[in-house]
Amino acid sequence: MRLINRKPSRPLAVFLAALPFVIVLIAYAAGSEIRLAANPADKLLPALSTIQDTAVRLFTEGDRRSGDILLWKDTWASLSRLLGGLAIAATLSLLIGMVVGLLPLFRSTLSGFVAVLSMVPPLALLPILFIVFGLGETSKVVLIVIGITPFMTRDLAQRVLDIPHEQIVKAQTLGASSLVIALRVALPQVLPRLIANVRLSLGSAWLFLIAAEAVAADVGLGYRIFLVRRYLAMDVILTYVVWITILAFVLDWALKQLTRKAFPWMEAGL
Amino acid sequence: MSFVEVRDIWQAYDGRSIIERVNLDVAEGEFVSIVGASGCGKSTFLRLLLADERPVRGKITVDGGEVAVEPVRERGVVFQRYSVFPHLTVRENLIAGEGFSTRFGWLGGAARKAAAERADEMLSRIGLNHVAGQYPASLSGGMQQRLAIGQALTARPRVLLLDEPFGALDPGTRVQMHEFLSELRAETKMTVFMVSHDLEEAFKLGDRVLVFDKPRWDPQDPGLYGATVTYDFDARDGGMPFQSILDRYPSLADTPKAEPIPA
């Protein structure tokens, strides 16, 4: 039997899916074991048990000075920045994308501008943002917005243009105005794409968030990681990295479920 | 006074003539089939009728009205594909036929209920009431085209334009669709233009069959001349002319016989 026709059975598939995770864990455990055997005070690869203890402490015990549990405070601060930025970027890109995709007058005006804008490296703008918006929340949210909006806008505009011309003509012969075509023909068909775009830009959004927090913040997941770096607190950093990964994964999964629930017509043909 | 008047239409893209000097008079209720080789401008002519594009020269009017500058409700259309909205269920697609002409495209309350009832009537007429709640993607090609025709009809157009509506269907389904279309036409008495690749289909359904072709051809510059209507067949009565001439001119029947010449 050819290799391309070999499909794993269900249990084998689960095992294969778990395999890379297990391998990484074992490799880490072995590495840290070797280093700790040579030097019990080694900070670079803390034992899994140390990380677990640290994680439990971070999630449950309050800060000695303020009594707040810092991890939850950081999570709350970072998530509200991230979700705020994503929400603003999604709204902006949907509005501009629809206008550019549907109205040739605006397409002539905006498409070149957006194309140039999307080439500006957002992190290079960070100093400007700090100068203009100060070191508070605004500059971090704006960085996320600037970072992901142009790409989402261009993609959505293209999706609107990809709607078959036949459908647009058909809607017109049914008496639809430009507004009705936007609301009832274009919008419902690009909304799934908008959610897909948000999913795709989650990675960049986290990148911009952590970069902004690393440079200037007093609370946040990225801030904490860069703060404890000074003490070589690998156990804390690793806990935070795993936690951020879990948060990102859950967000992505939730958006995927939303697409399946909200747009049943997407799967009608399958 | 004809219903659809086409006067001296000329259309060119980038200086290449597609169709030229097309003149046509179509009476209300006529079924006009349009045939011709690929790229001869049949579909361009249909888009001009639809007012999806404007001719370089000439004008098209329906019932003596204004020249349309964009697609309007008066002229319904069914394309070969993509004619229905994939994000709406079968019933919603039919309700859209009425709802899209409102300000925000939505019908509410009593109006929606009435539209839903009319949609259900149309569904039973086009034989799709068993799939009313499904999305178009789960329907077969023939069912999708029936839905597209039904949707076009809910807007009550005065002229129905069909762009190879059965081109993507298998032969069996195609015959069923012919019967379906003939029935609908007998009920509604609409003026229909149908572009087709299938000569048999064109003669079977049409009252008239127009053939588009290039009467002039410049071998050095093939784009110089466009296509025009080169044949205009009367396709009624199996394509044999004058079969019903006595119905139309009954006086011909009682022409007195010539007097015998007296001996």
(message) What's the number of the only condition in (1) more than 14 Å from chain A (Cβ to nearest Cβ); (2) closer than 14 Å to B:GLY76 by Cβ; (3) in a loop (DSSP other than H, G, I, E, B) that B:MET194 fails to meet?
(response) (3)
(message) Can you confirm whether A:SER80 is out of contact with any Leu (no Cβ under 9 Å at 6 or more places or on another chain) and more than 17 Å from A:ASP218 (Cα to Cα)?
(response) no
(request) Within the range B:231-244, track down each residue that is touching a helix residue (DSSP H, G or I) at 6+ places or on another chain (Cβ under 7 Å) and either within 13 Å of B:VAL32 (Cα to Cα) or free of Cβ contacts under 8 Å to residues at least 24 places away in the same chain (or both). (result) B:PHE233, B:ALA235, B:GLN243, B:SER244
(message) Out of everything in the range B:107-141 that is at pLDDT 85 or above and in contact with a Lys or Arg (Cβ under 8 Å, 6 or more places away or on another chain), what residue ends up being surrounded by the most Cβ atoms within 10 Å (Cβ to Cβ)?
(response) B:ALA119
(request) Would you kindly identify the strands (runs of 3 or more DSSP E) lying entirely within the range B:1-100 that contain at least 2 residues that are closer than 16 Å to B:GLN151 by Cβ, modelled with pLDDT of 85 or more and not aliphatic (A, V, I, L, M)? (result) B:75-78
(request) Identify all residues within the range B:55-83 that are within 14 Å of chain A (Cβ to nearest Cβ), touching a residue at least 12 places away in the same chain (Cβ under 8 Å) and not aliphatic (A, V, I, L, M); write none if there are none. (result) B:GLU70, B:PRO71, B:ARG73, B:GLU74, B:ARG75, B:GLY76, B:PHE79, B:GLN80, B:ARG81, B:SER83
(request) Give the range A:155-176 a look and list any residue that's over 18 Å from the mean Cα position of the chain (by Cα), within 17 Å of A:VAL100 (Cβ to Cβ) and in a helix (DSSP H, G or I), or say none. (result) A:ALA157, A:GLN158, A:ARG159, A:VAL160, A:LEU161, A:ASP162, A:HIS165, A:ILE168
(request) Mind telling me which of the residues A:ALA13, A:ALA47, A:ALA30, A:ALA77 ends up being within 30 Å of A:LEU143 (Cβ to Cβ) and surrounded by 11 or more Cβ atoms within 10 Å (Cβ to Cβ)? (result) A:ALA77
(message) Among the residues of the range B:211-244, what is the count of those that are outside any loop (DSSP other than H, G, I, E, B) and more than 23 Å from B:VAL175 (Cβ to Cβ)?
(response) 10
(message) For a quick check of your reading of the model, give me the residue pairs whose first member lies in the range A:253-265 and is within 23 Å of B:GLY133 (Cβ to Cβ), whose second is among the β-branched types (Val, Ile, Thr) and surrounded by 14 or more Cβ atoms within 10 Å (Cβ to Cβ), with beta-carbon atoms closer than 7 Å and at least 6 apart or on different chains.
(response) A:LEU258/A:ILE195; A:THR259/A:ILE195
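Out of curiosity, is A:SER93 more than 26 Å from A:ALA216 (Cβ to Cβ) and at pLDDT below 90?
Values: more than 26 Å from A:ALA216 (Cβ to Cβ): yes; at pLDDT below 90: no.
No: the conditions fail for A:SER93.
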(request) May I ask you to list the residues in the range A:107-149 that are more than 18 Å from the chain's Cα centre (by Cα), surrounded by 11 or more Cβ atoms within 10 Å (Cβ to Cβ) and assigned to a loop (DSSP other than H, G, I, E, B)? (result) A:VAL120, A:GLY134, A:LEU135, A:GLY136
(request) Look at A:SER66 and say whether it is hydroxyl-bearing (Ser, Thr, Tyr) and either surrounded by 13 or more Cβ atoms within 10 Å (Cβ to Cβ) or closer than 16 Å to A:MET234 by Cβ (or both). (result) no
(message) Residue pairs, Cβ under 7 Å, 6 or more apart or interchain, first in the range B:17-37 and basic (Lys, Arg), second assigned to a strand (DSSP E or B). List them.
(response) B:ARG21/B:ASP8; B:ARG21/B:TRP10; B:ARG21/B:THR228
(request) Working only within the range A:1-41, note down all residues that are closer than 30 Å to A:MET234 by Cα, among the aliphatic types (A, V, I, L, M) and not in a helix (DSSP H, G or I). (result) A:ALA41
(request) Search the range B:85-99 for residues that are within 10 Å of chain A (Cβ to nearest Cβ) and on the phi < 0 side of the Ramachandran plot and pair each with any residue that is hydroxyl-bearing (Ser, Thr, Tyr) and part of a loop (DSSP other than H, G, I, E, B) when their beta-carbon atoms are under 6 Å apart and the residues are at least 6 apart or on different chains. (result) B:THR89/B:TYR135
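The values are calculated or read from the model by the stated rules, or taken from the named source; none is laboratory data. As the structure is a prediction and not an experimental result, all values here were calculated from the model. Reconstructed Cβ throughout: ideal geometry from the backbone, glycine too, with neighbour counts over all protein chains shown.
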